[in-house]
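I have placed the structure first, in the form of structure tokens, so that the comments after it can refer back to it.
The values are calculated or read from the model by the stated rules, or taken from the named source; none is laboratory data. Since the structure is predicted, the reported quantities are computational estimates derived from the model, not experimental observations. All Cβ positions, glycine included, derive from the backbone under ideal geometry; neighbour counts span all protein chains shown. The protein model used for the area step is the full one, side chains on, heavy atoms only, and it has no ligands, DNA or RNA in it. Shrake-Rupley method; radii C 1.70, N 1.55, O 1.52, S 1.80 Å.
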Amino acid sequence: MTLFPKSGTRVARLTALGIGVAFMATACGGSSTPTATETNTGGAAGIACPEPGATGGNSAPATGAGGAVPPSKGSTETPLKLGSLLPTTGSLSYLGPPEIAGVNLGVKEVNDAGGVLGKPVEVIHRDSGDTKTDIATQSTTALLGQGVNAIIGAASSGVSKTVINQITGAGVVQFSPANTSPDFTTWDDKGLYWRTAPSDVLQGKVLGNYMATCGAQTVGMIVLNDAYGTGLAKNIKEAFESAGGKIVAEELFNEGDTQFSSQVDKVLAAKPDAIALITFDQAKSIVPLISGKGFESGNMFLVDGNTADYSKDFQPGTLEGAHGTFPGTFANEAFTKKLLEVDPALKDFTYGGESYDAVNLIALAAEAAGSTSGPEIAKQLKAVSESGEKCNNFASCVTLLREGKDIDYDGQSGPVTFSDAGDPTEAYIGIYRYTNDNKLEPVQAEFGKL
């Protein structure tokens, strides 16, 4: 998914929708093409979402140190060692490159500024795969065996559920840049699980109300049957129905499924005004089935698991006018340029900011703790995210820490500000629209507090 820099001011707000959050302006096959269209089986001609072009949100300024960074007042015999557990295979593999680039950029900048407690940070990358495989467990075992203090990942909430007890039970911090399942808020993680992506309580409320403000009165949903899919669907449903709408169909599928005709047919038979696709890359197979039945592309709504660039997957116009939501504000040009310097092959920047922020927050917490121990790092993560002098990269923040000042890290993904449960208490949700070439353009960003 291609993110865009902020420009202009917002023209549409959702504050009047009763979302329950405080708004401010501010995740199959390869190429697929629609079949010959049949009679339109649904979609309200009256759906009209806000026009794109007036974006909101506040990405942090360009990263990088300014001036000399004072030496650390602490020291460690055990340098900070990070592991990444991010997808390079499986249904979320498209998320891996920007997340890995974000981790590598963060580590580079930390080390350019002298490292943590006087020693350079090391990072070891491992594949998380998806829930169809046991790759994540194998990778986690390997990372723990190499003595990592913190693991950044997984991207999938379902994958994280398979390894969270293994990681936190070993006294290691697990820090996900992309998990959004509400289940982690109350998980018995010994205080060691953290994330920069907001709970789907927020994304669900934003998308549910956005479909209502676009004029949809009825919605059908096709939902991945895992922690991510069903959790997000629940929150979308609650928000949409609270806004006066009705969910007329909700069809589930399982990870590993390759045939979706039954789900598509059942949803279309309910003749919804709009269809919400809560999937990962299964959307590459599902979207052509829906459009092939004549359903209006502008009445489809996607989520962070599948809001991506489909310019090489679909014929022009297949998704034109469809919308998608994604946690985080619109990435600024300076930051995306730095990610491209790390990985020139990047095509999108999904969760790159959240991954970069994870590195910085872990490094700053270790510096504040004077220790690279997982439990000691965890004790300081909330403190470095709130109620201090604002800063937005490791060099500026660690300078303040070494000067004896309290810091409030605001990153590329937003202001963060952790709760006691390790969740961001405030975040942006970006809303995007697809152009004729099946690429994304920003519509607006919603800022919410949980």
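According to the Kirkwood expression over distinct Cα-Cα pairs, how big is the hydrodynamic radius of the chain, in Å?
Over the chain, the inverse of the mean reciprocal pair distance is 21.8 Å.
Taking a point 7 Å out from the Cα of residue 75 in the direction of its Cβ, the residues of the stretch 338-377 whose backbone N falls within less than 20 Å of it are 366-373. Taking all protein chains into account, the per residue accessible area for the stretch 118-262 stands at 34 Å² (1.4 Å probe).
For the stretch 162-285, a/c is not less than 1.5, where a ≥ b ≥ c are the root eigenvalues of the C-alpha gyration tensor, and a/b does not top b/c. That puts it in the oblate class. Summing charges over neighbours of residue 344, with a neighbour being any other residue whose Cβ is under 14 Å away from its Cβ, gives 0 when K and R count +1 and D and E count -1.
The DSSP beta bridges internal to the chain are antiparallel in roughly 35% of cases. Measuring between their Cα centroids, the stretch 317-387 and the stretch 136-208 lie 15 Å from each other.
Translational diffusion coefficient of the stretch 120-216 (Stokes-Einstein, Kirkwood radius from Cα pairs, 10 °C, 1.306 mPa s): 110 µm²/s. Here the sum of -39500 (n - 2.57) over DSSP H runs of 4 or more residues, divided by the residues of the chain, equals -9500 deg cm²/dmol at 222 nm, to the nearest 500. Amide H contacts for residue 217 (H built 1.01 Å from N in the peptide plane; partners 5 or more residues away or on another chain; cut-off under 5 Å): 273. Taking only protein heavy atoms and a 1.4 Å probe, the accessible area of the chain is 49% carbon and sulfur. Close amide-amide hydrogen proximity is noted between residue 151 and 83, 173, 174, 175, each under 5 Å apart and 5 or more residues distant or on a separate chain (H modeled in the peptide plane; Pro and chain starts excluded).
Backbone N atoms of the stretch 354-373 closer than 19 Å to the 7 Å Cα→Cβ label point of residue 386 belong to residues 358, 361-366, 368-369.
Summing charges over all other residues whose Cβ lies under 13 Å from the Cβ of residue 383, with Lys and Arg as +1 and Asp and Glu as -1, gives -4.
Simple spin-label estimate for residue 419 and residue 141 gives 3.5 nm between the two label positions (7 Å along the Cα-to-Cβ direction from each Cα).
What does the net charge come to around residue 123 if you take all other residues with beta carbon closer than 11 Å to its beta carbon, with K and R at +1 and D and E at -1?
+2
Residue pairs exceeding 31 angstrom between C-alpha atoms, taken from 284/379; 190/390; 81/382; 81/312; 338/449: 284/379; 81/312.
Per-residue packing, averaged as other Cβ atoms within 10 Å, sorts the ranges 146-158, 423-435 into the order 146-158, 423-435, beginning with the highest. Normalised by residue number, the volume inside the convex hull of the Cα atoms of the stretch 318-435 is 125 Å³ per residue.
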